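Values quoted throughout were computed directly from the atomic coordinates according to the rules given, and no laboratory measurement underlies them. As the structure is a prediction and not an experimental result, all values here were calculated from the model. When we count neighbours, we look across all protein chains shown, and the Cβ atoms used for this are built from the backbone with ideal geometry, even at glycine.
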Amino acid sequence: MIHFVLLISRQGKVRLTKWYSPYTQKERTKVLRELSGVILTRGPKLCNFVEWRGYKVVYKRYASLYFCMCIDHEDNELEILEIIHHYVEILDRYFGSVCELDLIFNFHKAYYILDELLIAGELQESSKKTVARLIAAQDSLVEAAKEQRSSISNIIAQATK
Amino acid sequence: MNPFSSETRLRDMIRAIRACKTAAEERAVVRKECAAIRASINENDPDYRHRNIAKLMFIHMLGYPTHFGQMECLKLIASAEFPEKRIGYLGLMLLLDERQEVLMLVTNSLKQDLNHANQYIVGLALCALGNICSAEMARDLAPEVERLLQFRDPNTRKKAALCAIRIIKKVPDLAENFINPAAALLKEKHHGVLITGVQLCTDLCKVSPEALEHFRKKCTEGLVRTLKDVVNSPYAPEYDIAGITDPFLHIRLVRLLRVLGQGNADASDLMNDILAQVATKTESNKNAGNAILYECVETIMSIEDNGGLRVLAINILGRFLSNRDNNIRYVALNMLMKAITVDTQAVQRHRATILECVKDSDASIRKRALELVYLLVNESNVKPLTKELIEYLEVSDQEFKGDLTAKICSIIAKFSPEKIWYIDQMLKVLSEAGNFVKDEAWHALIVVISNASDLHGYSVRALYRAFQTSAEQETLVRVAVWCIGEYGDMLINNVALLDIENPITVTGSDAVDVVEVSIKRHTSDLTTKSMSLIALLKLSSRFPSCSERIRDIIIQNRGSLVLELQQRSIEFNSVIEKHQNIRSALVERMPVLDEATFIGRRAGSSPAIVPTSNSASLNLPNGVAKPPAAPLVDLLDLSSDDVPAPSSSGGGFLQDLLGGVDLLPGLNQTAISGTNEAPRTGTDILLDLLSIETSPTQSSSSITDILSSSQGDKSPVASLGEISSPPSLSTRATSAGADPMMDLLGGFSPNPPMPEDNGPVYPSIVAFESSSLRITFDFSKAPGNPQKTTILATFTNMSQSIYTDFIFQAAVPKFLQLHLDPASSNTLPASGNGSITQNLRVTNSQHGKKSLVMRMRIAYKFNNEDILEEGQINNFPRGL
């Protein structure tokens, strides 16, 4: 099971956190500080796993961002690397060559996509296409609601003129 | 009005925050935003809610408190529209966790949304439930989730399946409701549903043996078929990763098969073929393929034995181990740890490679490999493995040395075939990484050396040589110093030379050099220095020729700021200077340390061992002093009965020494006060002596006196032995050690020279008078300090016989402070033919208000009979 997912920039800024196990706010801050200290200082050629408090943290760096997932000791680290890559590919397709800024300004989108990929710390979907389709469908629902609202407010505006 | 285009938008806020140059600036921006959001929340305007929560989520990610937005999330979730619900659920998952009370309020909304007609809204609710549901919510909403497992839309089914995992983890009792729906999911074709269904079954097996039995019976064949289909499926672009169709599904299927096959031969038989196929056919040039192989190997190792498959699996691990990719090597080491219980021989074959991994540059790999090597060690390979590890110790990273030395020491202790090998290896470790060796390890080494009587000479010579090259390793120095102290004579005489050794020429002064270096080195900590002092004392007797030089070194520590060192050096100096005749008895070789006790203590929950690190001088007296304290106790032969006590003459002398005991120098008192409890119980006489509440310092001094006066007809050593039960070793050592030294301290005179008679003159008094004894007090005061009085007590024997072992003791009330200087003698000639004098220094804190009062007790031997006289002195002149 994945206990949490973190996206940390090379400067140690947190870009996304998703907790599947209960951690208090205090613990979360501590975890973030500890792990960014460990992971950001590791050399480039080293393996992508860090043993930490009886768990394993699998991380992978894409450009300036570190994607980290914390898993149980008996979980398959190599598979987690695939899941991270899977997520990055979906982000890439969604944003069209994703960069850190996309994830900063559209952080909620990154969360939506993650929610289509993982629930309860387990993988939900192995098809990138399906995830993309589901996200697109929900985005269009939001767009439709927006348009409807703006047309209503236009009507109200005209009526009250 | 359009909620997406007014005031500061989310985007603007993020820009503003990113533009901040300092943390303070950022805090200000965030504070302003939070204030605006709170205001907006108070207005209860539904149009801005959406954006407020989005902002709060960003602020939350930066680590600021955002609890005030929690209720807004609930309102968004309760709204009818999809966009509001979407952000509301996201906020719920981000800003809350399962322990918050607020979460209970959302149960109802969740229930409604789980029954919503819009499948995306159902999906949102499932996602939130799966990520943060509590046990209560799990109970309330389990029926909804159960129903959704059969929902027509596959995307809802897969979400429901993962939700069910969360529910059964929170409430395992609910597992049985999900067994049948979960089994139905295994027949699905949709990969998402299949993946989540397999995962659900795996988790059900973990919480419910019933579920395991059910799936094993009903589903094993089906799962094997499904896996076969996936493995043999043609290219499917949607699921293809590196030429493999859906590795995620592969992995989950193999994992579920493992759970089903574990401990069941029939089920294991069913899956043998397909596992063999996966193990042989999977491409291992990409990570995805390796992930499957890894899972497959683990399954093969876990299910019931099939020789052929195991060989296959071990071979895969062998390939992994020699892979250039660090990740693959890491998982290989991980797997080999599990494989070792199944097939130790097969893992042993890879020993060389694993040893290489211990030397890897990657900390994660090194750690894994070291754990594995530790498991691989046995009686037959301990020698080469230890050799390798110790060689690596020389070049390893500093931060890895701690782990590495701990493991090496543990291996050596566990598997050493003979003592000489143990000593050799430990010496190597100490020379290489002595600073990382734990206290237990070097203590154990000393115990072993002490027990190997034929190796004493060998050990001390080896340590001497090691010291020449590695004097910077603290623990090596300690062991070396201890051994040189104990077996120094064997060092210079090449006693008990083994065939394998080359004789070395060491003079006594060379041996003293070693100890001198270690005591003078500024990096040596208190433990080392104390041990060195004791070693010096021992050497002063072993090498009489160096006695003078040793005394010089000891004297240099008389001014040490550390109480322990100061006290010891003063004591030892006196031993060397004045008491040659007991010295050799004092510093006899230690009795053989009891291995069983040591091991028992080590096995105990909290060994009384202090961390090796150079502890700050704050906790010196009771903390760091412990290890060297034990040698000191034994050194004085006070604690053990089986050791020959000092010969009777020596004992008598000790008794004499004790006779003269009067007072410790002030500096000892803190250390001594620790012994208050123990001796007091044993000595009732003291209690009434102390009936005038005395201050701690005085009571402590009186107590030390009691030690000698309670001896009666017992030998002094025995009576000292009795008090060897104080709580801590160090106090025991100090009290026992300090006592006999009292008189020895003659050379040390802390009191200022007698003041000239400038102050007011007070009449002398007769403090005590009986037919046989008279005590007179003469008073003098130092000018300018009226509180202080120096009393010169003169004792005169009026009887016809000589008094021996004469001791005068005194106690005063709290407002007074009393210092007794050593008496001029402890033998009082008969018929007033001479007298003993003794200085008492009294400080009266209530000078001018209260006058002096004192209780005293005199003990002496008269015709070999113990006499005890007590009395109170009230006739002090006024104004003292």
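Things to note:
- Mean ellipticity per residue at 222 nm, deg cm²/dmol - from DSSP H runs of n ≥ 4 across chain A, formula -39500 (n - 2.57): -17500 deg cm²/dmol
- Here the label points at B:ASP594 and A:LYS129, each 7 Å from Cα along the C-beta direction, are separated by 7.9 nm in the simple model.
- Diffusion coefficient, µm² s⁻¹, Stokes-Einstein with Kirkwood Rh over alpha-carbon pairs of the range A:1-47 at 25 °C and 0.890 mPa s: 213
- Charged neighbours of B:LEU56, selected by a Cβ distance under 12 Å, balance to +2 (K, R count +1; D, E count -1).
- Structural size metrics of the range A:2-126, computed from C-alpha coordinates, are Rg and Dmax of 13.5, 38 Å.
- In this structure, B:ASN118 and A:GLU89 have a Cβ-Cβ separation that, at R0 = 35 Å, corresponds to a calculated FRET efficiency of about 0.80.
- Bridging of B:LYS85 to lysines at a Cα separation below 23 Å is possible for A:LYS18, A:LYS109, A:LYS146, B:LYS55, B:LYS75, B:LYS111, B:LYS158, B:LYS159, once same-chain residues fewer than 8 apart are set aside.
- For residues of A:44-51, the mean tally of beta carbons on other chains within 10 Å: 6
- Rounded to 10°, Cα long-axis angle of helix A:77-95 versus longest principal axis of chain A: 30
- Computed lengthening from B:ILE867 to B:ALA352, 0.36 nm per intervening residue step minus Cα-Cα distance: 177.5 nm
- When A:PHE49, B:PHE82 are arranged by Cβ crowding within 10 Å, least crowded first, meaning fewest neighbours, the order is B:PHE82, A:PHE49.
- Contour excess over end-to-end distance, with Cα ends at B:ARG11 and B:MET798 and 0.36 nm allotted per residue: 272.7 nm
- Two numbers describe the Cα atoms of the range B:481-556: Rg and Dmax, which are 12.6, 41 Å.
- Sorting the segments B:569-577, A:140-148, B:450-458 by their residues' average number of neighbouring beta-carbon atoms within 10 angstrom, most packed first, yields B:569-577, B:450-458, A:140-148.
- FRET E, pair A:THR41, B:GLU43, Förster distance 60 Å, beta-carbon r, rounded to 0.05: 0.80
- Calculated FRET efficiency for the pair A:THR24/A:ILE156, C-beta based, R₀ 56 Å, to 0.05: 0.80
- Peptide A:105-116 shows a mean partner chain C-beta count of 5 within 10 Å per residue C-beta.
- Amide H within-cut-off set for B:LEU880, under 5 Å, with H built and near neighbours excluded: B:LEU852
- Distribution of pairwise C-alpha distances over the range B:65-156, 5 Å bins, in %: 3, 14, 29, 25, 18, 8, 2, 1, 0
- Remark: mean inter-chain Cβ contacts per residue of B:278-287 equal 1, using a 10 Å Cβ-Cβ cutoff to other protein chain atoms.
- For B:ASN581 and B:ASP513, the difference between the fully extended length at 0.36 nm per residue and the C-alpha to C-alpha distance is 22.0 nm.
- Equivalent ellipsoid semi-axes, the range B:402-600, via Cα gyration tensor eigenvalues times 5, rooted, Å: 27, 19, 15
- Using a simple spin-label model with pseudo-atoms 7 Å out from Cα toward Cβ, B:ASP397 and B:ASP499 lie 4.6 nm apart.
- Cα convex hull of the range B:307-444, projected area averaged across orientations, nm²: 8.1
- Protection proxy ranking of B:500-512, B:528-540 - average other beta-carbon atoms within 10 Å, highest first: B:528-540, B:500-512
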